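Participant: One structure is given below, represented as structure tokens, and several questions about it will come after.
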Amino acid sequence: MPPSSNNSDGFWENLRFVDLNERLLRASGATWFAPPRTLRPAPALAKEAAAIIAQFDGKEPWLWKDPRNAITLPFWKALLPPMKVVLCIRHPAETAASLVASSLIPPMRSFYWRITRADSLIRLREGEARLDRRLMGIVHTSISQEKRRAVIYEAGLQLWRIYNTRALEETNPADRIVTHYEDVLANPRDELARILDFAGVRVSPDVLAEAVRAVSPVLRHQHAGAAQLDPGVEALYAGLLREARAPRTSANISA
């Protein structure tokens, strides 16, 4: 995925995986910002995914990065042998603020309409998703930048909860490692070495040094500060933070 105004270094997603994940979500009546309750993959998508995976035969170990995987992981687990998952977390408030500042959000009429559907997993503080409220919400968020930012921020916090909850539900501690965005920025060599060790990947000191040089703290544009979180989101973040910073021992990874 190429660079954007929000990330001059690019996003590093493989576009074939991204496209298939997007179509899988659409087949389930959903989008990345309005996740489905359950996936409904079409048989043709599984066949296409198998063809993408086959391109990596004999090239193990390989990996791919896409935040949508947190939602679509059940689909990929059915096609791949047991895999290891790297879950990179960030403070929920920073994630939400990053969405507000990004160019990823579609026009508000589409965004607001989707996240306020009756079957939406997102519940705004504005209350029940009645038709009149939805229509007024579209108007307000289209003409008021302050309202737009507030809605995206609130939805971003809930998306953070949904994505991370799904990722935890679809993995077990033995097959995942949680790494914190701040730790990668603050101590990239040790954190990358920890991830490589978990994945069973051996690299030369030169390769590790090159990876460390690619870490760019200046690309961090959001800081949580003393942001207040919903108790449920706060508890989920605290649990993920404990897992990210706990030594990986047999006690930590029991099923």
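The values are calculated or read from the model by the stated rules, or taken from the named source; none is laboratory data. Not measured: the values here are computed from a predicted model. Reconstructed Cβ throughout: ideal geometry from the backbone, glycine too, with neighbour counts over all protein chains shown.
Participant: Report yes if some residue within region 4-23 is in a helix (DSSP H, G or I) and over 30 Å from Ser216 (Cα atoms); otherwise report no.
Facilitator: Taking every residue of region 4-23 in turn, at least one turns out to be in a helix (DSSP H, G or I) and over 30 Å from Ser216 (Cα atoms).
Participant: Which of (1) part of a loop (DSSP other than H, G, I, E, B); (2) surrounded by 12 or more Cβ atoms within 10 Å (Cβ to Cβ) does Gly156 not meet, given it meets every other one?
Facilitator: All conditions are met except number (1).
Participant: Further question: Look at region 223-233 and say how many of its residues are loosely packed, with under 13 Cβ neighbours inside 10 Å and in a helix (DSSP H, G or I).
Facilitator: 2
Participant: Has region 152-173 got any residue that is in contact (Cβ under 8 Å) with a residue 40 or more places away in the chain and more than 19 Å from the chain's Cα centre (by Cα)?
Facilitator: No; the residues of region 152-173 include none that is in contact (Cβ under 8 Å) with a residue 40 or more places away in the chain and more than 19 Å from the chain's Cα centre (by Cα).
Participant: Then there's this: If you scan region 192-222, which residues turn out to be of a type outside the set (D, E, K, R), outside any helix (DSSP H, G or I) and either over 25 Å from the mean Cα position of the chain (by Cα) or modelled with pLDDT under 90 (or both)?
Facilitator: Correct list: Val203, Ser204, Val215, Ser216, His221, Gln222.
Participant: Kindly list the number of the only condition in (1) out of contact with any His (no Cβ under 8 Å at 6 or more places or on another chain); (2) at pLDDT 90 or above; (3) buried (at least 18 other Cβ atoms within 10 Å of the Cβ) that fails for Glu94.
Facilitator: (1)
Participant: While we're on this one: Give me the helices (runs of 4 or more DSSP H) completely within region 67-145, filtered to those with at least 2 residues that are in contact (Cβ under 8 Å) with a residue 40 or more places away in the chain and touching a Leu at 6+ places or on another chain (Cβ under 7 Å), ordered by residue number.
Facilitator: Once the helices (runs of 4 or more DSSP H) in region 67-145 are filtered for at least 2 residues that are in contact (Cβ under 8 Å) with a residue 40 or more places away in the chain and touching a Leu at 6+ places or on another chain (Cβ under 7 Å), what remains is 69-77, 92-101.
Participant: Here's another thing I want to ask about it. Please specify each residue of region 100-116 satisfying the condition of being exposed (fewer than 14 other Cβ atoms within 10 Å of the Cβ) and either modelled with pLDDT of 90 or more or aromatic (Phe, Trp, Tyr) (or both).
Facilitator: Residues satisfying the conditions are Pro106, Pro107.
Participant: Test Thr171 against the criterion of being touching a Cys at 6+ places or on another chain (Cβ under 9 Å) and outside any helix (DSSP H, G or I), and give yes or no.
Facilitator: For Thr171, the condition - touching a Cys at 6+ places or on another chain (Cβ under 9 Å) and outside any helix (DSSP H, G or I) - is not met.
Participant: Right, something else. Given the structure, is Ala42 modelled with pLDDT of 95 or more and either in contact with a Cys (Cβ under 8 Å, 6 or more places away or on another chain) or surrounded by fewer than 17 Cβ atoms within 10 Å (Cβ to Cβ) (or both)?
Facilitator: So Ala42 does not fit the description; no.
Participant: Moving to a separate point now. Report whether or not Thr179 is under 22 Å from Lys65 (Cα atoms), surrounded by 18 or more Cβ atoms within 10 Å (Cβ to Cβ) and of a type in the set (S, T, N, Q).
Facilitator: Yes.
Participant: Being among the β-branched types (Val, Ile, Thr), out of contact with any helix residue (DSSP H, G or I) (no Cβ under 8 Å at 6 or more places or on another chain) and in contact (Cβ under 8 Å) with a residue 12 or more places away in the chain is the filter here, so list the residues in region 8-66 that pass it.
Facilitator: Selection gives Val18, Ile53.
Participant: Oh, and also: Which residues, taken from region 186-230, are acidic (Asp, Glu), closer than 30 Å to Ala96 by Cβ and without any contact (Cβ under 8 Å) to a residue 60 or more places away in the chain?
Facilitator: Asp190, Glu191
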